[in-house]
Amino acid sequence: AWELDMVKADSCHRPDNITTVEAYTQLSQALNNTGRSMVITMCEWGNDEVWNWAPDIAQMYRISMDHLPFFHWPATASGAGYGCGTAEIIDWMADLHPSKYVKPYTWMDPDFLETLFPITMNYVHSRTEFTFWTVGPKMPYYALKWHGISRLFLIFMCVDVECSVVGGHRCVRAL
């Protein structure tokens, strides 16, 4: 037995004779039938308004196009959202109003973190990204190179955040 704790499934190359919802429902049922508790994370890039149906199928579901290792980056990938950069993903998630869709044991997934990605994600941008991904409706998982682990540890251990409500919106700022 593989003893998996998490299964991530993309909707790449899905057969034409089955809908996305049907494909993910079948996968979820098959995994649940194993009797092993595991997290199912699905990637639909925010297509088909995934936030409306995914919480009934999986624990995590992608709500936007691919996240690239830049703080600001325009929409250069397919999928929902305002762009591929950290700031654009944060804006997209804010406009989705996650509290309307998430429920116990489900999280919207803005894609994996690009924290301290060499050259393009500096320390301030990385702290902002990490802070949002940590306090947002998501279980964070990370893309990193081992040479950045000591600086990443500093971000993990030293993130101070200021949370406030401005005009009815939750605001988070890394200090």
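One quarter of the convex hull surface built on the alpha carbon atoms of the stretch 26-95 amounts to 5.3 nm², the projected area averaged over directions.
Quick one: which residues, 5+ away or cross-chain, put their amide H under 5 Å from the amide H of Y82? H built at 1.01 Å from N. Here W92 satisfy the definition.
Compare the peptides 57-63, 12-18, 115-121, 99-105 by average per-residue count of other Cβ atoms within 10 angstrom and give them in order, highest first. Mind showing how you got there, number by number?
Numbers: 57-63: 24.3, 12-18: 8.0, 115-121: 17.4, 99-105: 10.9.
Ranked by mean Cβ neighbours within 10 Å, highest first: 57-63, 115-121, 99-105, 12-18.
Taking the stretch 1-40 on its own, what percent of its Cα-Cα pair distances exceed 14 Å? That tail contains 49 percent of the Cα-Cα pairs.
Which whole-number percentage describes the relative contact order of the stretch 12-122, with Cα contacts under 8 Å and a sequence gap of 6 or more? Display every interim value, and only then the final one.
On the way: 178 pairs, mean separation 24.2, N = 111.
Relative contact order of the stretch 12-122: 22 percent.
Here the stretch 69-128 exposes an accessible surface that is 65 percent carbon and sulfur, computed with a 1.4 Å probe and the other protein chains kept in place. Remark on L116: its backbone amide H falls under 5 Å from those of S126, a criterion applied only to residues 5 or more positions apart or on other chains, H modelled at 1.01 Å from N.
The values are calculated or read from the model by the stated rules, or taken from the named source; none is laboratory data. In this text the structure is predicted, and so the values were computed from the model without any measurement. Don't worry about glycine lacking a Cβ; one is built from the backbone with ideal geometry, like all the others, and counts go over all protein chains shown. Only protein heavy atoms, including side chains, enter the accessible area calculation; ligands, DNA and RNA are left aside. Shrake-Rupley method; radii C 1.70, N 1.55, O 1.52, S 1.80 Å.
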